[in-house]
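Student: Handing you a structure now.
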Amino acid sequence: MREIAIVGGGGGAVCLLDALSQASGPPAAVTVFEPSDRLWRGRPYQRDADCILVNLPSRAMSVRAGDTRHFDRWLADRRWQTGALREASPFDVAAFPPRAVFGDYLESVAQQSMARLDERGGKVRLVRERIVDAAPAAGGAVLTTERGTRHEADRVVLCIGAGVPHDGFGLDGPEPGFVPDPYPVARALAGIDPQHTVAVLGTGLTAVDVALALGAGGHQGPVFLLSRHGVLPAVRQQPVVHTLRHFTPDHFRALSDGGEVPLSEVVGVLRDELTSAGQDFAELETEFALLREDPVRRLRRQLDLVHGQGLGLRILQQTLPVAVDVWPLMPYRDRNGLLRRHYRAVHSLCCPMPPSTGARLLAMSEAGRLDVMGGLDDVRRSGEGFSATADGRTIHADTVINAGSVAPHRVPPAAAPLVRSLIASSAASAHPHGGLRVRRETNRLVADGGSQECFYALGDLTFGSLFITAAIPVIVKLAREIAREVLAP
Ligand SMILES: Cc1cc2nc3c(=O)[nH]c(=O)nc-3n(C[C@H](O)[C@H](O)[C@H](O)COP(=O)(O)OP(=O)(O)OC[C@H]3O[C@@H](n4cnc5c(N)ncnc54)[C@H](O)[C@@H]3O)c2cc1C
């Protein structure tokens, strides 16, 4: 019977606690370390405005492995009837509850998991402190909190999340006008003058949240979403049930035969998957080719496809939980090339926004209140505000909101000392594509000198090794695997 430490108490920790509490031989003790006031919710699902929605249908947001109805049942029990949600957003073809409601669900699952562990004889402890140091010790590890308290554990799982948007233009400082982190939007955006011009750095899901929140709050001034590529998330289509026949972990394992699977073969398997479902691969090729289409035209076109017959995009999105099995099999050169040339496209198409969100953005754009631009190459303070250059145009903004990507190393600032200590004690090594190296078979950290026994990682920290791992369906799959691993004799 093992003592397990979980560093970070957000969504990943809840999925792991649930899996541990369901295991046939539960752990002797679990200690969760979480310093923030967003226990179990993490940054994404904190209490916030209702216009900020989950970006997957509720059925895909269950945290119980193998039970896709778990979240829907919880919603129904609390009168968050999916029908009522559909009425609230007539454009949507599935339920996309507010993210804060998903946070309530995470809290309730965490409470139930702790009670279940307790009933089964496990000791559960919460330590509201940040871990700043970790090192291997005989058969386990020693963790040190920021107050200097030491904790021993047999196995340690890092669930430290993704951190905040990177301040790539060095705008943070004592002067007003710059919002370094837009969450919770209800608080971060509250002081913005409704007539001001707002530049949002980023055109991804976070930037979309900001635009929506400004729109819902009655902002009157112009809003610019600015990024290097100017690519919005795609619009999610009506969900379909599709069982993957070719794009499966087993198929890729067989293909690799202990070696590598080049990107061209991965694309070939995707083509087979679509062909066997009677779909035309050209639909996907068109979406990739139209990535740089005018963002508003692309948005309008994709909104017209919400009820479309083509299943190519929806099948591509269903391959996301399998990507963690395929990515480590690809040659480094191919992974590097894909990240450099196609990451924007893959992320936009595989992590789309709810249709009602797309429709609201389009309405803001048609009302002349929202512009989406690429080619962002500079933002600086100028006079009382800021000037930003994008697509060869200079925009003056009164307020700049940071809503772009995290730093390329993908280590959240709160976890930087911890990660440094793990590398210094040869328990971990940095991955050149971001985060720490992990071994896919075990989800264990890999040190330069080889694998070690006791440290595991779940979530965005594994990006370089496993690709897109932050979405809930992927976290649920990996949390179940890690629960098995840490409890194995
Ligand atoms: C804004 C946003 C919206 C998202 N929306 C969706 C969505 O709708 N659907 C979806 O599937 N996915 C979504 N995601 C992906 C999201 O990353 C996952 O769903 C999930 O929340 C990740 O959980 P996590 O535990 O990895 O990170 P988090 O939930 O962020 O939790 C990490 C926790 O670790 C703590 N921590 C960090 N360092 C330390 C330390 N040194 N010691 C102790 N604790 C520490 C932090 O305080 C934090 O609470 C979203 C992500 C973001 C950023």
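The values are calculated or read from the model by the stated rules, or taken from the named source; none is laboratory data. Model, not experiment: these values are computed from the prediction. Here Cβ is always computed from backbone atoms with ideal geometry, including for glycine, and neighbour counts include all displayed protein chains.
Student: Answer with yes or no whether Ser365 is within 16 Å of the ligand (Cβ to nearest atom), hydroxyl-bearing (Ser, Thr, Tyr) and either crowded, with 18+ Cβ neighbours inside 10 Å or under 26 Å from the mean Cα position of the chain (by Cα) (or both).
Tutor: Values: within 16 Å of the ligand (Cβ to nearest atom): no; hydroxyl-bearing (Ser, Thr, Tyr): yes; either crowded, with 18+ Cβ neighbours inside 10 Å or under 26 Å from the mean Cα position of the chain (by Cα) (or both): yes.
Spelling it out, it is not the case that Ser365 is within 16 Å of the ligand (Cβ to nearest atom), hydroxyl-bearing (Ser, Thr, Tyr) and either crowded, with 18+ Cβ neighbours inside 10 Å or under 26 Å from the mean Cα position of the chain (by Cα) (or both).
Student: Would region 207-217 turn up any residue that is crowded, with 19+ Cβ neighbours inside 10 Å, more than 14 Å from the ligand (Cβ to nearest atom) and assigned to a strand (DSSP E or B)? If you could, list the steps in order and put the result at the bottom.
Tutor: Step one: of region 207-217, the residues crowded, with 19+ Cβ neighbours inside 10 Å are 207-214.
Checking which are more than 14 Å from the ligand (Cβ to nearest atom) leaves us with 214.
Imposing the further condition that a residue be assigned to a strand (DSSP E or B) reduces the set to none.
Among the residues of region 207-217, not one is crowded, with 19+ Cβ neighbours inside 10 Å, more than 14 Å from the ligand (Cβ to nearest atom) and assigned to a strand (DSSP E or B), which makes the answer no.
Student: Residues that are more than 16 Å from the ligand (Cβ to nearest atom) and surrounded by fewer than 18 Cβ atoms within 10 Å (Cβ to Cβ), at least 3 per element: which strands (runs of 3 or more DSSP E) completely within region 399-464 meet that? Break it down into steps so the answer makes sense when it comes.
Tutor: Details: elements: 399-402, 444-447, 450-457.
It comes to 450-457.
Results for (1) over 14 Å from the mean Cα position of the chain (by Cα); (2) under 18 Å from Gly8 (Cβ atoms); (3) in the same structural domain as Gly42 (by TED's automatic domain parsing), shown as yes or no for each residue.
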| residue | (1), (2), (3) |
| --- | --- |
| Ala430 | yes, no, yes |
| Gly434 | yes, yes, yes |
| Arg437 | yes, no, yes |
| Arg444 | yes, yes, yes |
| Glu453 | yes, no, yes |
| Val474 | no, yes, yes |
| Ala483 | yes, yes, yes |
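Student: For region 57-82, enumerate the residues that are among the hydrophobic types (A, V, I, L, M, F, W, C) and either assigned to a helix (DSSP H, G or I) or crowded, with 23+ Cβ neighbours inside 10 Å (or both). Give the derivation first.
Tutor: Taking region 57-82 as the starting set, the residues that turn out to be among the hydrophobic types (A, V, I, L, M, F, W, C) are 60-61, 63, 65, 71, 74-76, 80.
Correct list: Ala60, Met61, Val63, Phe71, Trp74, Leu75, Ala76.
Student: Still on this structure, I have one more. Starting from residues that are more than 9 Å from Asn402 (Cβ to Cβ) and among the small types (Gly, Ala, Ser), keep the ones in region 159-178 and report whichever is farthest from the ligand (Cβ to nearest atom).
Tutor: Step by step, filter region 159-178, then rank; the result is Gly173.
Student: What about Arg333, is it among the basic types (Lys, Arg) and more than 21 Å from Pro262 (Cβ to Cβ)? Give the derivation first.
Tutor: Working: among the basic types (Lys, Arg): yes; more than 21 Å from Pro262 (Cβ to Cβ): no.
In short, no.
Student: For Gly312, indicate whether it is modelled with pLDDT of 95 or more, more than 22 Å from the chain's Cα centre (by Cα), crowded, with 19+ Cβ neighbours inside 10 Å and closer than 17 Å to Gln237 by Cβ. Working first, answer last.
Tutor: Numbers: modelled with pLDDT of 95 or more: yes; more than 22 Å from the chain's Cα centre (by Cα): yes; crowded, with 19+ Cβ neighbours inside 10 Å: yes; closer than 17 Å to Gln237 by Cβ: yes.
In short, yes.
Student: Further question on the same structure: Just to confirm my filter: which helices (runs of 4 or more DSSP H) fall fully inside region 242-356 and include at least 1 residues that are without any contact (Cβ under 8 Å) to a residue 24 or more places away in the chain and among the polar types (S, T, N, Q)? Let's see the steps before the verdict.
Tutor: Values: elements: 249-256, 263-276, 282-289, 295-304, 312-318, 320-326, 332-350.
Where helices (runs of 4 or more DSSP H) fall fully within region 242-356 and carry at least 1 residues being without any contact (Cβ under 8 Å) to a residue 24 or more places away in the chain and among the polar types (S, T, N, Q), they are 263-276, 282-289.
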